[in-house]
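All of the numbers you see were taken from the coordinates with simple rules; none came from a lab. As the structure is a computational prediction, the values presented were derived from the model and not from experiment. Virtual Cβ from ideal backbone geometry, glycine too; neighbours counted across all protein chains shown.
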Amino acid sequence: MPDNDPLPLESAPLAYENSDFLNSHDGRIIRIISEFSEPLARFRRECIQDTVVFFGSARFRARDEATHDLELLENTGSRQSAPEEEQPAREPEGDASALQLSRAKAAVEMASYYEDARRLAHMLTEWSMSLESQRNRFVVTSGGGPGIMEAANRGAYEAGGKTIGLNIKLPFEQMPNRYITPALNFEFHYFFMRKYWFAYLAKALVVFPGGFGTLDEMFELLTLAQTKKLAKQITVLIYGSDYWQHVINLDVLVEKGAISPRDRELFKFADTPEEAFALLKDGLTRNHLDREKQPANSDEERFLRPEIAKTSR
């Protein structure tokens, strides 16, 4: 027998308080579940029944900023500027390159989309707040960053409503914009969990001009609607027909048989906040508010309404 006894042990950390485990490969499933359960708990606590999601470029600025402080970011949503040679011209004269001048002009032009998103979100929020409901309906939701995301949250904030930001942790810094309701400010590690929450509560989608991220999010939700994986009708508006018809030639997809002509009915184009709001109000009323006046068809529907949205299997 050894002469010295081992020293007394301290209590081992509880598994759910063990940061080494939680941040390890083995803890990934816990992190994924957390990005489902924690947002769900907050949405319930804040009485969020459903959302209207705004997608669009993080690079667009408010009109006054685009006019007086033109700047191109290095990455979408980052706070770091692109190199000086890629920046638009600060003044439309002098030794500015043709690229800088064209970007300066485009920055001011694209700022109109920021103002339109802000106006549309304001109109939608005013209307949704007028609905008789115990829960918050059709809450404006964005990716939580700058640009069109900020514009949507800003419009809802200025209308006095709650507004959601589903941010994502990126290698470069993306800070949440100041207009998000603090209790509804989220940050995700996993893109797929963030996309889940975009799709799960959404009753409508508004797609403003944007880049890779906007295209990815738009086509993902359109694919879910096309393949009937959404157990609900979702109104999809593509804002800025001139921009999008230059970026994507949907007629070619139809001509080549890549999509059905009926797939064009999955979305509508809009070019003014007033036109977009009229289409949103019509779709949300017809597909959801009017149907909710009908008696529930089953105990399951009575149980699910309005605590949590019904989904496909």
Karplus (6.51, -1.76, 1.60) ³J(HN,Hα), θ = phi - 60°, over the stretch 153-159, in Hz, Gly and Pro reported as x: 4, 5, x, 5, 4, 5, 7
With θ set to phi - 60°, apply the Karplus curve 6.51 cos²θ - 1.76 cosθ + 1.60 along the stretch 16-24 and write out the HN-Hα couplings as whole Hz, x wherever there is a Gly or Pro. 7, 10, 8, 5, 4, 5, 4, 9, 8
Sequence-distant or interchain residues sharing an amide H contact under 5 Å with residue 205, placed H: which? 53, 235, 236, 237
Which FRET efficiency value, to the nearest 0.05, do you get for residue 33 and residue 183 by plugging their Cβ-Cβ distance into 1/(1 + (r/R0)^6) with R0 = 30 Å? 0.90
With θ set to phi - 60° and the Karplus curve 6.51 cos²θ - 1.76 cosθ + 1.60, what are the ³J(HN,Hα) couplings of the stretch 281-286 in order, to the nearest whole Hz, using x for Gly and Pro? 4, 5, x, 5, 5, 5
Name the long-range amide H neighbours of residue 139: under 5 Å, sequence gap of 5 or more, or other chain; modelled H, no Pro or chain starts. 50, 51, 52
Give the long-range amide H neighbours of residue 60: residues separated by 5 or more places, or on another chain, with amide H under 5 Å away, using H modelled in the peptide plane at 1.01 Å from N. 148
